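**Student:** Structure below; questions to follow.
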2 protein chains.
Amino acid sequence: MNKIITIGREFGSGGREFGKRLAEYLGIAYYDKEIITEISKKTQLAEEYIQAIEDKPISTFPITIGNSFYAIFNPISENVEVSVYAEQNNILVDMAKRSSCVIIGRCADYILEEFNPFRIFIYSDMKTKISRCIERVPEGENLSEKQLKNQIISIDKNRAKYYQFITGNKWGDRLNYDLCVNTSSLSIKYAAEYIGKMIESKM
Amino acid sequence: MNKIITIGREFGSGGREFGKRLAEYLGIAYYDKEIITEISKKTQLAEEYIQAIEDKPISTFPITIGNSFYAIFNPISENVEVSVYAEQNNILVDMAKRSSCVIIGRCADYILEEFNPFRIFIYSDMKTKISRCIERVPEGENLSEKQLKNQIISIDKNRAKYYQFITGNKWGDRLNYDLCVNTSSLSIKYAAEYIGKMIESKM
């Protein structure tokens, strides 16, 4: 059976780097932005538009995640958000069926529950997240520490809302994960390697 | 510098077994009940009495944890609770100074902050905790699943209260730990070994 590893993460905590290193160590596929590209191909919507739908606070219409989506997906649907979530759902299931992989975000821990994923949550303290963001800020973009802090809080608030909306569970609640890793005190490189070894021993 | 590893744990989640295995793997000291024995020696109070003070819900008199305790400790103090906390504080600091070690519970993550401990929290879902308790229940003691569940909830409620009282922080909040490990899905044996390897790589 394919081994599916899902990574929930606070913005700026290094979840993506951790996931990439873990996938490299285990020699398995890594999916993050690739999911947006796939949705774009399937829905004919621009990647930027899909990203915006995933980033913005979710509207609160009633929704059921599951196979029912397959039936209602329609590229000219009035409700584009529902189509995007539905297509994402399908794509995640396809990826999990295809091969072992690491998937970043997108409530994959919940959507792929039937695949018994190993669910990791990556977090760190605010100081570490701000430092990490400063290191990675695109050239020419100057944000103060206060602005960065507000941005981090706002992005994580949206992630929590999105997770709550799709799963009905609390984002970052330890009970929804097998392992929660604080990257303030751990080297991401070593953590990915040793957690990789631990997962391998279960494979 | 000595490596100090502190283990917070939900009742029935296997935190003690994890800590013992981790200490064995790393070849360092392991302290749990030994702390009660030490307090008993120093205060001349019975071990059972000390255990009862640690287990019961904390009274809410104002208290400051820190060196100030050294001055006020007095075996015939009217306030035995304060003496026990103070002595525990001293003993934890002595243990951390003596050698690398694993310490179970007792807010050691907070009390030994200056030693930069590696702080682990062990938890699991209720089903796993109940199964574990059933396996380990003393002969002749028969508790229903419902009674066990109530006992687990009650013990953890007291642990949370005690932690909040001593540290001012929320017990089990991921931000107070470097790693949170769910023993519902992970083998304690393997987790202890691989997390041991990870800690070693930082030593």
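Since every read-out is calculated from the coordinates, none of them should be taken as a lab result. As the structure is a prediction and not an experimental result, all values here were calculated from the model. Here Cβ is always computed from backbone atoms with ideal geometry, including for glycine, and neighbour counts include all displayed protein chains.
**Student:** What is the Cα centroid distance between the stretch B:151-186 and the stretch B:3-60, reported in whole angstrom?
**Tutor:** Centre-to-centre distance over Cα atoms comes out at 14 Å.
**Student:** FRET efficiency for B:Gln51 and A:Val137, Cβ-Cβ distance as r, R0 = 51 Å, nearest 0.05?
**Tutor:** Once rounded, the FRET efficiency stands at 0.45.
**Student:** Can you run the Rg to Rh ratio on the protein assembly as shown? Use alpha carbon positions and the Kirkwood inverse-distance Rh.
**Tutor:** Across the protein assembly as shown, the Cα-based Rg/Rh ratio is 1.02.
**Student:** May I ask you to list the trypsin sites (Lys or Arg not before Pro) in the stretch A:144-173 that are in a DSSP loop and have at most 12 other Cβ atoms within 10 Å of their Cβ?
**Tutor:** A:Lys170
**Student:** For a footprinting-style exposure proxy, rank A:Thr183, B:Thr128 by other Cβ within 10 Å, fewest first.
**Tutor:** Lowest to highest Cβ neighbour count: B:Thr128, A:Thr183.
**Student:** Name the residue from A:Asn150, A:Tyr163, A:Leu26 whose Cα lies farthest towards the positive end of the charge dipole of the stretch A:4-196, charges +1 on Cβ of Lys and Arg and -1 on Cβ of Asp and Glu.
**Tutor:** Value: A:Asn150.
**Student:** Among A:Glu114, A:Glu139, A:Glu81, which one shows the highest mean-square fluctuation when chain A is modelled as a Gaussian network with alpha-carbon springs under 10 Å?
**Tutor:** Of A:Glu114, A:Glu139, A:Glu81, the Gaussian network model singles out A:Glu139 as fluctuating most.
**Student:** Neighbouring Cβ atoms within 10 Å as the yardstick, rank A:Ser13, B:Ser144, A:Ser154 fewest first.
**Tutor:** If I rank by nearby Cβ atoms, fewest first, I get B:Ser144, A:Ser154, A:Ser13.
**Student:** Most fluctuating residue of A:Gly172, A:Gly12, A:Gly27 in a GNM of chain A with Cα springs under 10 Å: which is it?
**Tutor:** A:Gly27
**Student:** Arrange B:Met95, A:Met126 by Cβ neighbour counts within 10 Å, fewest through most, would you?
**Tutor:** A:Met126, B:Met95
**Student:** Quick one: work out the % antiparallel among DSSP beta bridges in the protein assembly as shown, nearest 5.
**Tutor:** 10 percent
**Student:** With 32 Å as the limit, write out which pairs from A:Lys146/A:Lys197; A:Lys129/A:Lys161; A:Lys129/B:Lys33; A:Lys41/A:Lys197; A:Lys146/B:Lys129 have Cα-Cα distances beyond it, or answer none.
**Tutor:** A:Lys146/A:Lys197; A:Lys129/B:Lys33; A:Lys41/A:Lys197; A:Lys146/B:Lys129
**Student:** Now, a different point. In the Gaussian network model of chain A, springs joining C-alpha atoms below 10 Å, which of A:Arg106, A:Arg132, A:Arg119 carries the largest mean-square fluctuation?
**Tutor:** Largest GNM mean-square fluctuation: A:Arg132.
**Student:** How large is log10 I(q)/I(0) at q = 0.18 Å⁻¹ when the Debye formula is applied to the Cα atoms of chain B, each weighted equally and without solvent?
**Tutor:** -1.37
**Student:** Taking the Cα centre of the stretch A:4-196 as the origin, how large is its charge dipole in debye, to the nearest 20, when only Lys and Arg (+1) and Asp and Glu (-1) carry charge on their Cβ atoms?
**Tutor:** 420 debye
**Student:** Report, in deg cm²/dmol and to the nearest 500, the calculated mean residue ellipticity at 222 nm for chain B, where each DSSP H run with n ≥ 4 adds -39500 (n - 2.57) and the sum is divided by the residue count.
**Tutor:** -16500 deg cm²/dmol
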